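Below is one structure, written out as structure tokens; comments come after it.
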Amino acid sequence: MTTSPLAQKVLALPYREREHLLAELLDNLHDGETGDALDSDTWDRSWAAELDARLDGVEGGTVATVPADQVLAELRAGVQPARR
């Protein structure tokens, strides 16, 4: 997957800044100012489809999983987990 230059810059931001930016973007999607904001039902259906696709990938063995103990240990150690 190719990442755009903008996405690369955003992904290089510290965690808290990415979190804040994400919150702002999500608020913008829901404020209705753009006229193309997602309504609640569309949002729910979109996330349900995404979750189904991810679950299918895990169940089908096409997506690698990471044991929770490993993830928690990395978080406690302050390690930035690699994008998997």
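All of the numbers you see were taken from the coordinates with simple rules; none came from a lab. All values derive from a computational prediction rather than experimental measurement. Note that we place each Cβ from the backbone using ideal geometry, even for glycine, and neighbour counts take in every protein chain shown.
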> Say R0 is 25 Å: what FRET efficiency, to the nearest 0.05, do residue 7 and residue 42 get from their beta-carbon distance?
Replying inline: 0.60
> For the range 39-84, with only Lys/Arg (+1) and Asp/Glu (-1) charged at the beta-carbon, what is the dipole magnitude about the Cα centre, in debye rounded to 20?
Replying inline: 360 debye
